[in-house]
Amino acid sequence: MQKYIGTPTSRIDGRAKVTGEAKYAAEFNAPGLVHGSVVTSSIAKGRIVRIDASDALRVAGVIDVLSHENRLPMASTDSAYKDETAPKGSPFRPLYEDRIMFSGQPIALVVAEEPEIARFAASLVRVEYDEEAHVTDVFRRRDEAVSLEPSTKPPESIFGPPKPRGSAEKAFASAEVRHAGEYYVPIEHHNPMELYASTVVWEGDGKLTIYDKTQGVQNVQRYVCGVFDMKPDDVRVMSAYMGGGFGSGLRPQYEVVLAVLAAQALERSVRVVLTRQQMYVLGYRPAMIQRIELGARPGGTLEAITHEAITVTSQYEDFYRQESGWSGLLYTCANAKYVHKLVRLDLPTSCDMRCPSAATGVYALECAMDELAVALKLDPLELRLRCYSDRDQNTNRPYSSKSLRACYHQGAEAFGWDKRSPEPRSMRDGNELVGWGMATGIWEALQVPIAVRIVLSANGHAEVSCATSDIGTGTYTIMAQVAADMLGLPMENITIKLGDSTLPQSPVEGGSWIAASVSNGIATTADAIRGELLRLAKQMPNSPLADAGPDEVALADGKLVSTPDASRAVSIVDAMRHGAVDRIEQEKSTTFADDGSKGHNTHSAVFTEVKVDEQLGVIRVTRVVNAVAAGRILNIKTARSQIMGSVVWGIGMALHEETLLDHTFGRVMNANIAEYQVPVNADVHDIKVIFVDEPDATINRLGIKGLGEIGIVGVAAAVANAIYHATGKRVRDLPITLDKLQR
Amino acid sequence: MINFEYARASDVADAVRQIAGDPGAKFIAGGTNLIDLMKEDVERPSRLIDISRLPLNKVEETADGGVRIGALVPNSDLAYHPLIEQRYPMLGSAILAGASQQLRNMASTGGNLLQRTRCYYFYDTATPCNKREPGSGCSAINGLNRMHAILGTSEACIATHPSDMCVALAALDAKVQVIGPAGERTISFADFHRLPWDTPQRDTNLEPNELITAVELPAQGFRTNYTYLKIRDRLSYAFALVSVAAALELEGARIKEARVALGGVAHKPWRDALAEGALRGQEANPANFRRAAHMLLRDAKGFAHNTFKIDLARRAIVRALTQAARGTPQSQSNKKIR
Ligand SMILES: Cc1cc2nc3c(=O)[nH]c(=O)nc-3n(C[C@H](O)[C@H](O)[C@H](O)COP(=O)(O)OP(=O)(O)OC[C@H]3O[C@@H](n4cnc5c(N)ncnc54)[C@H](O)[C@@H]3O)c2cc1C
Ligand code: SF4
């Protein structure tokens, strides 16, 4: 039954992608297609007094210039603009009014026959503002930060700080060994390769087909219906391929609103493609000041944890995630306290970015744990083992599975951790100081309600469909693997359809929840197909399966086979031919019956080696071992790629990534991928990925946890800790650039 | 990006004629810098005169034992040219320390000299910048200036010249050959790029209607004792925080001739006759290297975010001179610093 699941399978969409056959949102065409170019605000706060588009309109080929002054009606209530992932507040409404809330805000769309003409004309639009004072610096607003209280009702209960336990203050005050430190992570951006784009096809009868770059086609479809008061049947949103999302495409972005506005105004098909620079207002990982206090006994057991996080959002929406909660969850500790404060700045709303809250929250915790280990004169790995917890510490529940201990052991062995000399600056290689650091990673194993349709044809081919997206992670491929095994068909007989809002229901793809959810959806729907086949098989004369119960048959090798007696079998083709059906169609919705009695998480142990030039401070990450426990691994090849990509990102978080804001202008100044630095090949050396065996019989029937995000958690901390070990210098603000080693 | 005309120059004379006829026109060679600036509306040429097919693509020996590099020789071809690899390896090394393979394939010798600063504000028309809009103010002086200059700055501008190749060319005492409506002339490398003073809009002493035809290298190539050491925020594909082209001619342990040029620290590749003079006749040892480094940085002045460059430059100079003296130049593929 498990021919494909678990094998290293190449992407089934790989060929289409490398040959250019796979089309992205900006690559769709339509007769009479026109092009929009966005004009953005140069100030961070104030009002638009006047938009003078006369020069732009004089350019031959320009059709119209749309702004809040002349646009068609749009919804006027917040609820219409709230997508399924919107935080509390009043969502941004593109081209709605004269108010400027952040620099780079879209304020007009120039529509022309050619994209070059639109772009040229956009540079001729003159805007007069009434400017107001703005603040974009988290440190300036730090004292006015608003506290979030623990809550029992979602979403605050999910994203707000957890309830404290014991008395962390008292325990910290009386602890024999203490560490307190403040850690800073700057604003970071997703920087996916593909530019955000929307091609809106005007179908003639008021209907729109929208090719949009998004992580959730049905989310965008509902949003467009809300904002433009359209009927669901009149809006079809498609996103079959995506050149990277990383969370930036969870919420509908403004390009789709602008493109629809123009299509409706002109009654023509319209394409809007953002520039790289314009992508720096689509949401970002919030800047974050975190303070961690740890109190311990000399033996290395934790007495007190306090995690305080100050994170950044806009003036109009309160986006936050539970950065602080990871600290109390991960290790055994009787006293834990969490504080989360929000700073509202004149910026767009922050948003989810790969492993939101854990990438940053666990960075701070794991650096602090390293500092505590130094204070305790304990090996950092040994400290983690002494604080190991078999229960979710925040909710005091057992885990459905937790193989973190195996991650520590296998990772340490592969890395050679036992050869580490504990003193900082004690290992060297010529001019370079050598440092070894480690950290723990943790992320959630989430599952969401989803629906899957399977159509089985009499020729033994099956089409599997769901409105989910493949944001580049390999969803197409794992869906085909699971479907092939569940239906007992060769993988090449499986066709996957996704990224189309007319397909069966799916939430946005994010949170590493799609692999588990859609796989179980496929398994459930395949059960229904199997039941139907059994019904047909039983009708055959002298059917070998005449007495078989529904749970006594399985699909394998194109046959329905009796599980107690494999010699009794009926081929799928025969059963369908005999029953005179040429297709069997089933669609099933699945939710997850979670009784709440167990915690579900993925874990990892990250080990890194850095080499730092003693004189010049140049840092090289020469080795990384990431041992991951994430339930059943569906596809070793795509899974390994996910973890490798995450590790590279973690290196970037540690050493390179930072969105530079000029607070005088309230503007992102390095809004391009030459100046916003991410690791290049030269920065990436040996990365070893280990998947630790982690059977999980209760999380779902296939034991899947998902792993698109766990790979980044802990990496930045492990690198920072290795740099400390190499140099004796503790840098607590990211990125760790060489000048910070000199301070 | 504006609408512009495009014309191809048929020969050098035609190129000069065309540029003289249209003050809004610009030459385009590889386009790797100009097109980016046009997309940002920083450069708004009325017309592009494409010089990329002019026959200025040869690397050849000159009568006085030097080498003449045509203005259109691509950076990659130049770095791997046998004459350069064998006789001016520091130049090849500097080129390979810059940009990416793809960019180096497109970038031309002349275009590299004329690439403009990477100052964030220069690129963003929503902010004031004296270099882009004379008199509007310098946003970097009190803004984000971590990448900016520490030597030769003015109150009007603290930008750096970003080229790696030019740092080696400065150290090698190259000459730039140009042609304009008034005929040909030769500009020494030291006089080619300018300090910002109160005219930061002018990067170089090239006239707007002049065409670079070649860069000429004198005979001395420092093929044995040289290095190009570039310190940056990631290990490749990033502009220099500080870079050092160091070249020595040794007689035993003594320095007969020394060249040190710095990149990433000033509006032009930075050389200092005094510091180089102080090395001449001295023993090649760490104490003398340190003394030269201090001399080179004696007038350095940092701003809010870039003061670290002063000490970093000193250390980099010492290291580069050490590499050069030992004959172990920095590898541009293995990023471990020797
Ligand atoms: C992302 C990125 C990273 C980079 N990193 C580096 C780096 O690390 N180090 C580095 O040194 N460089 C770097 N570069 C810059 C690159 O080296 C330059 O863009 C390139 O050398 C310019 O050459 P070009 O032929 O493309 O010039 P073009 O863009 O064609 O022209 C540049 C300017 O020179 C003028 N011009 C060109 N040729 C002539 C001529 N013969 N006579 C008169 N005027 C002429 C043009 O009118 C224009 O004003 C980088 C560039 C990019 C885009
Ligand atoms: S440093 Fe020079 S280029 Fe940068 S903002 Fe100031 S004037 Fe402009």
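The values are calculated or read from the model by the stated rules, or taken from the named source; none is laboratory data. In this text the structure is predicted, and so the values were computed from the model without any measurement. Methodologically, a virtual Cβ is constructed for each residue, glycine included, from the backbone with ideal geometry; neighbour enumeration extends over all protein chains shown. Just so you know, the surface numbers come from the protein's heavy atoms only, side chains and all, with ligands and any DNA or RNA stripped out. Shrake-Rupley method; radii C 1.70, N 1.55, O 1.52, S 1.80 Å.
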Checklist entry - Say a paramagnetic label sat at a point 7 Å from the Cα of residue A:151, along Cα to Cβ; which residues of region A:294-321 have their backbone N under 19 Å from it? => result A:309-321
Item to check | Where labels lie 7 Å past Cα in the beta-carbon direction, separation of residue A:99 and residue A:375 in nm | outcome: 4.5
Checklist outcome for this item: Here, residue A:594 and residue A:636, labelled 7 Å along Cα→Cβ, have an inter-label distance in nm of 2.9
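Quick check on region A:448-590: of the DSSP beta bridges with both residues there, what percent are antiparallel, nearest 5%?
85
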Checklist entry - Between residue A:428 and residue A:297, what FRET efficiency follows from the Cβ-Cβ distance if R0 is 35 Å, with the result rounded to 0.05? => result 0.55
Item to check | Pairwise label distance in nanometres, residue B:102 with residue B:2, each label 7 Å out on the Cα-Cβ vector | outcome: 2.8
Item to check | Packing-based ranking, highest mean first, of B:304-311, B:132-139, A:475-482 given that Cβ atoms within 10 Å are counted | outcome: A:475-482, B:304-311, B:132-139
Checklist entry - Can you list the residues of region A:45-76 with backbone N under 19 Å from a point 7 Å past the Cα of residue A:131, pointing along Cα to Cβ? => result A:45-52
Checklist entry - Measuring from centroid to centroid over Cα atoms, what is the spacing of region A:582-644 and region A:157-196 in Å? => result 21
Checklist entry - Helix-derived [θ] at 222 nm for the protein assembly as shown: sum -39500 (n - 2.57) over DSSP H runs of at least 4, divide by residue count, nearest 500? => result -7500 deg cm²/dmol
Item to check | Nearest-20 debye value, the protein assembly as shown charge dipole, Cβ charges on Lys, Arg, Asp, Glu | outcome: 2480
Item to check | Other protein chain Cβ atoms within 10 Å, averaged over every residue that makes up A:351-360 | outcome: 0
Checklist outcome for this item: In whole Hz, the Karplus estimates of ³J(HN,Hα) for region A:546-562 (6.51, -1.76, 1.60; θ = phi - 60°; x where Gly or Pro) are 3, 9, 6, x, x, 8, 9, 10, 9, 9, 8, 6, x, 10, 9, 10, 6
Next on the checklist: Can you list residues from other chains, or at least 5 along the same chain, whose modelled amide H is less than 5 Å from the amide H of residue A:495?
Outcome noted: A:462, A:463, A:464
Next on the checklist: Defining a contact as two alpha carbons under 8 Å apart and six or more residues distant in sequence, what relative contact order in percent does region B:226-326 show?
Outcome noted: 29
Item to check | Percentage relative contact order, region A:456-500, counting C-alpha pairs under 8 Å, at least six apart | outcome: 54
Item to check | Rounded to whole Hz, the Karplus (6.51, -1.76, 1.60) HN-Hα couplings of region A:95-109, x for glycine and proline | outcome: 6, 7, 8, 7, 6, 9, 10, 7, 5, x, 5, x, 10, 7, 10
Next on the checklist: As a quick test, which of the pairs A:559/A:637; B:175/B:309; A:688/B:336 have an alpha carbon distance above 26 angstrom in this structure?
Outcome noted: A:559/A:637; B:175/B:309
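What number comes out for the charge environment of residue A:693, summing +1 per Lys or Arg and -1 per Asp or Glu over other residues with Cβ under 14 Å away?
Once positives and negatives cancel, what remains is +2.
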Checklist entry - Do you know which residues of region B:109-147 lose at least 50 square angstrom of accessible area in the protein assembly compared with their chain on its own, with a 1.4 angstrom probe? => result B:120, B:126, B:144
Checklist entry - When only Cα pairs under 8 Å and 6 or more residues apart are kept, what is the percent relative contact order across chain A? => result 17
Item to check | Chain lengthening between residue A:22 and residue A:566 when straightened (0.36 nm per residue, less Cα-Cα) | outcome: 191.7 nm
Item to check | Dipole in debye (nearest 20) - region A:524-659, about Cα centre, beta carbon charges: Lys, Arg +1; Asp, Glu -1 | outcome: 320
Checklist entry - For a label point 7 angstrom out from the Cα of residue A:69 toward its Cβ, which stretches of region A:106-145 have the backbone nitrogen within less than 20 Å? => result A:106-112, A:118-132
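Summing +1 for each Lys or Arg and -1 for each Asp or Glu, what net charge is found among the other residues whose Cβ lies under 11 Å from the Cβ of residue A:88?
Residues near residue A:88 contribute -3 overall.
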Next on the checklist: At a probe of 1.4 Å, how much accessible area disappears from chains B and A on forming the pair, both sides counted, to the nearest 100 Å²?
Outcome noted: 3300
Item to check | Chain lengthening between residue A:505 and residue A:78 when straightened (0.36 nm per residue, less Cα-Cα) | outcome: 151.3 nm
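How large a share of the accessible area of chain A, in percent, is made up of carbon and sulfur atoms when the probe is 1.4 Å and the other protein chains stay in place?
Solvent-exposed carbon and sulfur of chain A make up 48 percent of the total.
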Item to check | Karplus (6.51, -1.76, 1.60) ³J(HN,Hα), θ = phi - 60°, over region A:717-727, in Hz, Gly and Pro reported as x | outcome: 5, 4, 5, 4, 5, 5, 5, 4, 4, 6, 10
Next on the checklist: Quick check for you: with a 1.4 Å probe and neighbouring chains kept, what is the accessible area per residue of region B:226-326, in Å²?
Outcome noted: 35
Checklist outcome for this item: Once Lys and Arg are counted +1 and Asp and Glu -1 for all other residues with Cβ under 10 Å from that of residue A:331, the total becomes +2
Checklist entry - Expressed as a whole number of Å, what is the distance separating the alpha-carbon centroids of region B:1-80 and region A:90-114? => result 38
Checklist outcome for this item: Extension length gain for residue A:664 and residue A:58 (0.36 nm per residue less Cα distance), in nm, is 214.7 nm
Checklist entry - Rounded to the nearest 5, what % of the DSSP beta bridges within chain A are antiparallel ones? => result 80
Item to check | For residue B:306, residues with placed amide H under 5 Å, excluding near neighbours | outcome: none
Next on the checklist: Quick check: the angle from helix B:286-296's long axis to the longest principal axis of chain B, C-alpha only, nearest 10 degrees?
Outcome noted: 30
Checklist entry - Whose amide H sits under 5 Å from the amide H of residue A:64, counting only residues 5 or more places off or on another chain, with H placed in the peptide plane? => result A:111
Item to check | Dipole axis of the protein assembly as shown (+1 Lys, Arg; -1 Asp, Glu on Cβ), positive-most option in A:216, B:1, B:179 | outcome: B:179
